[in-house]
1. Would you confirm, using the coordinates I've provided, whether VAL76 is of a type outside the set (D, E, K, R) and under 15 Å from the mean Cα position of the chain (by Cα)?
2. Restricting to the range 105-135, count the residues that are within 23 Å of TRP69 (Cα to Cα) and out of contact with any Gly (no Cβ under 8 Å at 6 or more places or on another chain).
3. For the range 142-162, name all the residues that are touching a Phe, Trp or Tyr at 6+ places or on another chain (Cβ under 9 Å) and modelled with pLDDT of 85 or more.
4. Every residue in the range 131-142 that is closer than 30 Å to TYR86 by Cβ and loosely packed, with under 15 Cβ neighbours inside 10 Å, please.
5. Which ones in the range 27-79 are more than 19 Å from THR92 (Cα to Cα) and in contact with a Pro (Cβ under 9 Å, 6 or more places away or on another chain)?
6. State whether one or more residues within the range 40-52 are closer than 24 Å to MET110 by Cβ and under 15 Å from the mean Cα position of the chain (by Cα).
Amino acid sequence: GSNHTIATTSPQSGGTGTQYVWSDWSDGGNISHTVTPTVNTTYTANFDTEYYLTMTAGTGGTVTPSSGWRGDGESVQIEAFPDAGYSFAGWTGTGSGSYTGSSNPVQITMNGPIEQTASFSLDDILVTVNTSPAGRSFTVDGTTYTTQQIFSTNHTIVIENN
């Protein structure tokens with residue numbers, strides 16, 4: 001019949017990338033509350049498990065969502081956005097429920113701490129070479145052309161005067 005205060009703290013660490021967040025007491029009370037049992041009684045503090053999602057973007061893009069805590073079993077859509085001049089190359093994931101592959105966006109499931117990294121590749125820069133008037137000759141890397149040509153890497157271009 002005497003009063004007692006029962007309380008817990010939240011969140012509580014569960015080790016690297018895992019935490020426990022208080023959800024409720026078995027008697028419906030607040031995280032800290034007074035109880036006055038008159039018979040043998042058990043009070044249970046219930047916690048939800050959360051895992052940390054680490055999101056990283058390689059050079060050439062960004063990712064969503066941001067890194068943060070997610071609930072156990074939660075489905076999370078991850079997406080990569082390449083910057084101008086870059087293309088999405090793929091995901092590398094570690095942890096239970098992570099994803100490795102080229103789908104974008106993609107769903108992952110938080111079955112434990114997850115690290116997801118998006119990779120991007122630099123796009124080829126295309127250069128078109130032609131003459132005006134048409135039919136004049138030009139040389140690229142020692143080869144002479146008289147029609148429009150498209151190149152995608154570094155080249156030496158020589159325009160002949162004739």
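The values are calculated or read from the model by the stated rules, or taken from the named source; none is laboratory data. Quick caveat: nothing in here was measured; it's all calculated off a predicted structure. Using ideal geometry, Cβ is built from the backbone for each residue, glycine included, and neighbour counts are taken over all protein chains shown.
1. yes
2. 3
3. Selection gives THR144, TYR145, THR146, GLN149.
4. Answer for the range 131-142, where residues must be closer than 30 Å to TYR86 by Cβ and loosely packed, with under 15 Cβ neighbours inside 10 Å: just ASP141.
5. TYR43, PHE47, GLU50, TRP69
6. Looking through the range 40-52, at least one residue is closer than 24 Å to MET110 by Cβ and under 15 Å from the mean Cα position of the chain (by Cα).
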